[in-house]
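K.L.:
My questions all concern the structure below.
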Amino acid sequence: MFLSFEGGEGAGKSTQIQSLLVWLQAQGHTVLVTRQPGGTDYGQRIRHLILDHHPSELLSPRAELFLYLADRAHHVDTVIRPALAAGQIVICDRYADSTLAYQGYGRGLDLNELKTLNHLATGGLQPDLTFWLDLDPALGHARIGDRPGKDRLESEALAFHQKVRSGYAALAAEEPLRWQRVDASLSAQAVLAELKTRLGPYLNSPVEALP
């Protein structure tokens, strides 16, 4: 199975992924947890290029896009596909839908072009299920607070993150069988319980039977 996690800043994706990893491993599943960008050595370097602050030089939306796509193509070919072929459950912290939400709805790049480029970068590989941890961006900003080391996207204006959230809602409406919206304003324990409930019925199903 290939699972992706999506959501705005402060939604708790990393925390929930690690908790889900422990739960799945306790049931005897072999699980690979990875992320985009940054799931490979090359990807780590690309991640720094994208997310680090460089006040003297702004990164254009198109340049940002192609850095994400380069990371994604390499990551799919060298990490995700081999793990799936070996029969592992792959959990990816952000995937192609992030590009549609952030660069499409957030930055205003053409959605049809982005979908075509995503298809090229992934070779058409889609998650079996996508968990969207949905959170009001104002609450997400409050959770992040003034913590040091906020990256370039975390530092974007609230209006940008509201566009991203609207984008996620539109994407989830387009593919209701793949997308699973989870209310990320709940406690961490309640969110994890919801994830287990949503995922449980699929664990003993062959991948071909998944939506």
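Computed from the coordinates by the stated procedures, all read-outs in this text should not be read as laboratory data. This is a predicted model, so every value here is computed, not measured. Here the Cβ is made from the backbone with ideal geometry for all residues, glycine too, and neighbour counts use every protein chain on show.
K.L.:
Taking the Cα atoms only, what angle lies between the long axis of helix 61-75 and the longest principal axis of the chain, rounded to 10 degrees?
P.N.:
30
K.L.:
For the chain, compute the number of Lys pairs whose alpha carbons are separated by less than 22 Å, excluding pairs fewer than 8 positions apart on the same chain.
P.N.:
Working: Lys13/Lys150; Lys13/Lys163; Lys13/Lys196; Lys115/Lys163; Lys150/Lys163.
Value for the chain: 5.
K.L.:
Would you compute, from DSSP H runs of 4+ residues alone, the mean residue ellipticity of the chain at 222 nm, taking -39500 (n - 2.57) per run and dividing by the full residue count, rounded to the nearest 500? Write out the running numbers ahead of the final one.
P.N.:
On the way: 8 runs with 94 residues, N = 211.
Estimated from H runs of four or more residues: -13500 deg cm²/dmol.
K.L.:
Apply the Debye scattering formula to the stretch 1-82, with a single equal point scatterer on each alpha-carbon and no solvent, then give log10 I(q)/I(0) at q = 0.10, 0.20, 0.22, 0.26 Å⁻¹.
P.N.:
-0.31, -1.03, -1.15, -1.30
K.L.:
Taking one equal scatterer on every alpha-carbon of the stretch 99-144, how large is log10 of I(q)/I(0) by Debye at q = 0.31, 0.33 1/Å?
P.N.:
Debye intensities relative to I(0), on a log10 scale: -1.06, -1.09.
K.L.:
If you don't mind, there's one more thing I want to ask. Evaluate Rg over Rh across the stretch 2-204, taking Cα atoms for both radii and Kirkwood's formula for Rh.
P.N.:
Details: Rg = 16.3 Å, Rh = 17.3 Å.
Result: Rg/Rh = 0.94.
K.L.:
At 7 Å along the Cα-to-beta-carbon direction for both Tyr42 and Ser60, put a label point, then send me their distance in nm to one decimal.
P.N.:
A separation of 2.3 nm, rounded to one decimal place.
K.L.:
Just to check I understand the Karplus step: with θ = phi - 60° and J = 6.51 cos²θ - 1.76 cosθ + 1.60, what whole-Hz values come out for the stretch 126-139, glycine and proline as x?
P.N.:
10, x, 6, 9, 10, 8, 9, 7, 8, 9, 4, x, 5, 5
K.L.:
Helix 158-174 against the longest principal axis of the chain: what's the angle in degrees, Cα atoms only, rounded to the nearest 10?
P.N.:
40
K.L.:
Modelling each spin label as a point 7 Å along the Cα-to-Cβ direction, I'd like the Gln27/Gln88 distance in nm, to one decimal.
P.N.:
Label at Gln27, label at Gln88, 1.9 nm between them.
K.L.:
How far is helix 111-122 tilted, in degrees, relative to the longest principal axis of the Cα atoms in the chain, given as a value from 0 to 90 rounded to the nearest 10?
P.N.:
With both axes taken from Cα atoms, the answer is about 60 degrees.
K.L.:
One quarter of the convex hull surface, Cα atoms only: what value does that give for the stretch 55-162 in nm²? Walk me through the intermediate numbers first.
P.N.:
On the way: hull surface 32.5 nm².
If you wrap the Cα atoms of the stretch 55-162 in a convex hull and average its projections, you get 8.1 nm².
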